[in-house]
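Step one of this worksheet: look at the structure below.
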């Protein structure tokens with residue numbers, strides 16, 4: 001058992017960290033678990049609002065203990081959160097969090113679904129949430145998920161009856177689930193769905209409650225007697241792990257949200273409150289009274305007879321001995337009339353057949369990218385590691401329909417390699433489907449109904465392996481990938497991506513012009529193929545000018561880059577707009593930037609966004625020049641400050657001492673710095689000494705959980721926030737230096753803010769601090785803690801929860817002026 005435990009934990013560690021992209025290679029234990037799941041015909045759907053909202057303990061329990069097909073419907077992709085591991089925010093953060101959810105599901109055994117809702121940021125009430133989201137469209141997507149996934153039971157993470165007590169997205173997810181529960185079986189609702197699926201009525205709806213939601217353990221203990229109680233701490237000998245250990249590993253995939261945690265073990269209870277549907281026959285079995293056997297479907301009994309016997313007599317030493325029975329069951333499954341279960345069970349049993357045969361089938365491209373209508377070189381590997389008779393009849397490309405006939409008997413453990421060419425005939429670009437159309441604040445635009453809900457864009461570059469196993473024709477499909485090695489990393493798998501022939505990238509996404517002097521704009525041109533030449537031009541707003549109008553590029557090698565420079569001249573007066581890059585090549589125009597996201601715990605991602613930048617002509621003044629910046633949880637503010645002429649040095653916290661800070665005109669701490677930079681608690685004395693000696697220290701927001709920002713005077717953080725970016729701002733002291741030097745700050749400077757005003761404001765502070773602004777969301781009391789300033793010795797300490805990390809990258813003029821004033825405090829002669 002020790003050996004089993006080691007192998008399982010090692011497998012989980014490898015599959016969820018650097019090798020997240022490797023193909024699945026099943027052990028006998030894992031094959032047996034898949035047989036168990038094959039023999040359970042029940043489905044559960046868990047519903048919440050964001051990545052990391054899901055209860056991985058319950059999802060893992062249902063998928064691994066109950067053996068149910070278990071899905072998690074996250075209404076959003078978490079685009080509005082913060083990023084602890086890198087600079088990506090908004091839509092790029094949504095791509096990362098999507099992949100982290102998929103990584104979690106690979107661990108806990110669930111499946112992942114989404115709606116088109118865009119996580120626009122924190123919302124205090126579902127009324128606001130559903131207005132911004134477009135309730136009807138998101139409700140349609142929830143109904144679509146139910147009709148296509150066809151759950152027997154639905155479990156809500158949040159309570160639909162308590163609006164205003166938690167994140168508006170949370171409550172909205174439950175409200176929509178309750179409405180969709182019965183709506184999904186009404187053929188008069190969302191009739192466009194019925195072109196592709198049928199109506200469906202789930203049997204039961206639950207709310208996954210706990211003492212945390214009640215805020216009163218004694219009260220909860222009393223009412224919990226009526227709830228379904230599940231022990232989700234069960235132990236899986238085949239895995240060498242407890243269910244809650246598995247769940248902890250799954251939850252820890254949400255690294256960009258700081259969810260990495262230690263594993264837990266032992267008995268642990270989850271509670272489900274019954275809301276709607278058929279009453280349970282057994283209170284502690286949510287599938288009680290629901291037929292979850294093969295007899296559930298017409299002609300399924302014969303399949304069950306074969307597969308139940310196989311499960312009872314599974315041979316862990318030689319699983320290949322079961323291939324004849326598996327193939328017999330497979331032949332019956334493909335004849336089923338029930339299209340829903342046929343599709344699910346055909347996929348499941350093919351995975352088992354492939355694993356039992358020890359088949360290794362791979363199509364590896366010579367490069368990880370290709371352009372439409374080009375030919376790519378691929379290496380095809382075929383290996384039969386069993387003693388079962390298997391014949392490879394042909395290999396067929398999904399894009400060009402080209403079929404390579406082989407007619408080869410696969411000898412045991414004799415590897416075959418083929419070199420072939422695949423034409424990427426009319427292949428679409430590889431990119432997240434929900435980012436292909438310009439989206440709005442609350443919703444992504446997806447017009448293909450059959451794409452809605454999918455976690456990622458289906459891969460088009462595939463190869464079918466047409467086999468005959470024990471005289472039964474079987475087709476196994478594999479995505480084209482790239483497999484290679486690096487000496488310091490070992491074997492690496494990357495997805496194969498179809499990219500444009502040319503892409504462009506602006507070095508800066510926001511260009512701030514503080515005067516009318518022309519500024520150099522740098523464009524990076526990248527070739528997606530060999531021998532790419534054409535012209536690059538910049539489109540600028542009215543009254544702006546660019547020189548030269550166009551410039552030629554000529555790139556000989558794929559993936560090589562060329563740098564082209566333009567001079568952009570702003571108007572004399574304040575102005576803003578969009579600057580766009582257009583590449584012309586062989587009569588076609590290309591307007592996309594290729595963004596690659598590459599973290600060890602998720603597969604490499606390729607995103608195509610419009611190649612553009614916001615340009616702002618801003619009359620801004622500043623005092624001081626040399627800024628020190630201590631990075632926190634990742635933001636782009638250092639680059640934004642450089643845009644308005646500051647010299648910004650990123651400070652390594654470990655190097656801070658009593659001598660090396662005095663040359664800075666101001667020091668800025670990035671968002672969540674005290675949350676994530678452990679070194680700061682040892683260096684705070686030097687930062688305060690810097691202030692005491694006349695320095696200017698600006699501390700941006702930190703979350704209020706288990707953190708001490710070690711301010712010079714009493715300062716208590718809270719969860720106070722103002723989520724309405726249009727909320728009225730009251731200036732408390734119009735004569736304060738911070739509002740008048742070197743720029744005059746008025747209410748006009750709070751126009752055009754994005755997503756929110758600010759978050760995690762202090763709610764208690766000593767008299768040494770002066771609050772600058774008052775603001776609040778509708779129906780709430782004024783919040784005075786958005787920006788506090790205090791003199792300390794000869795210098796100034798500023799704490800601010802205003803969301804500069806969102807506003808500066810968005811090019812919000814007023815935010816730049818206010819930040820310049822904070823940096824200039826104390827420098828007025």
>> Quick check: from the Cα gyration tensor, does the range 502-617 come out rounded (a/c under 1.5), prolate or oblate?
In response: oblate
>> Helix-only estimate, please: 222 nm mean residue ellipticity of the chain, summing -39500 (n - 2.57) across DSSP H runs of length 4 or more and dividing by its residues, to the nearest 500.
In response: -7000 deg cm²/dmol
> Can you give the convex hull volume of the alpha carbon atoms of the range 187-301 per residue, in Å³?
Replying inline: 224
> For the range 42-288, treating each Cα as an identical point scatterer without solvent, what Debye log10 I(q)/I(0) comes out at q = 0.17 1/Å?
Replying inline: -1.40
> For the range 446-571, which semi-axes, largest first and in whole Å, follow from the square roots of 5 times the eigenvalues of its Cα gyration tensor?
Replying inline: 44, 20, 15
> Antiparallel DSSP bridges in the range 42-288: what percent, to the nearest 5?
Replying inline: 40
> Under a point spin-label approximation (7 Å from Cα along Cα-to-Cβ), what is the residue 517-residue 279 distance to one decimal in nm?
Replying inline: 8.1
>> With angles folded into 0 to 90 degrees, how steeply does helix 300-312 sit against the dominant principal axis of the chain? Use alpha carbons for both and round to 10.
In response: 80
> How far, in degrees from 0 to 90, does helix 339-356 lean away from the longest principal axis of the Cα atoms of the chain, to the nearest 10?
Replying inline: 80
> Taking the range 274-398 on its own, what percent of its Cα-Cα pair distances exceed 26 Å?
Replying inline: 46
> More than 23 Å apart: what percent of Cα pairs in the range 626-824 qualify?
Replying inline: 39
>> Once you keep just the Cα pairs under 8 angstrom separated by 6 or more residues, what percentage relative contact order results for the chain?
In response: 10
>> Considering only C-alpha atoms, what is the centroid distance from the range 692-716 to the range 558-591, in Å?
In response: 42
>> Output the 0 to 90 degree angle, nearest 10, between the alpha-carbon long axis of helix 90-108 and the longest principal axis computed from the alpha carbons of the chain.
In response: 30
> Using r as the Cβ-Cβ distance of residue 291 and residue 342, and R0 as 25 Å, what FRET efficiency do you calculate, to the nearest 0.05?
Replying inline: 0.90
>> Please list, short to long, the whole-number percent of alpha-carbon pairs of the chain in consecutive 10 angstrom bins beginning at zero.
In response: 2, 11, 19, 23, 20, 14, 7, 3, 0, 0
>> How big is the range 572-670 along each principal axis, measuring the range of its Cα positions in Å and listing the largest first?
In response: 61, 48, 19
>> Rounded to whole Å, give me the distance from the Cα center of the range 431-475 to that of the range 533-554.
In response: 36
> In the range 542-660, what percentage of the DSSP-assigned beta bridges are antiparallel, given to the nearest 5?
Replying inline: 80
> Using a ≥ b ≥ c from the Cα gyration tensor of the range 625-676 (square roots of the eigenvalues), is it rounded, prolate or oblate, where a/c under 1.5 gives rounded and otherwise the larger of a/b and b/c decides, a/b for prolate?
Replying inline: oblate
>> Between the range 160-207 and the range 303-366, how far is it from one alpha carbon centroid to the other, in angstrom?
In response: 34
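Readers should treat all values here as calculations from the given coordinates under stated rules, not as data from a laboratory. Note that the structure is predicted; figures quoted are calculated from it, not measured. Reconstructed Cβ throughout: ideal geometry from the backbone, glycine too, with neighbour counts over all protein chains shown.
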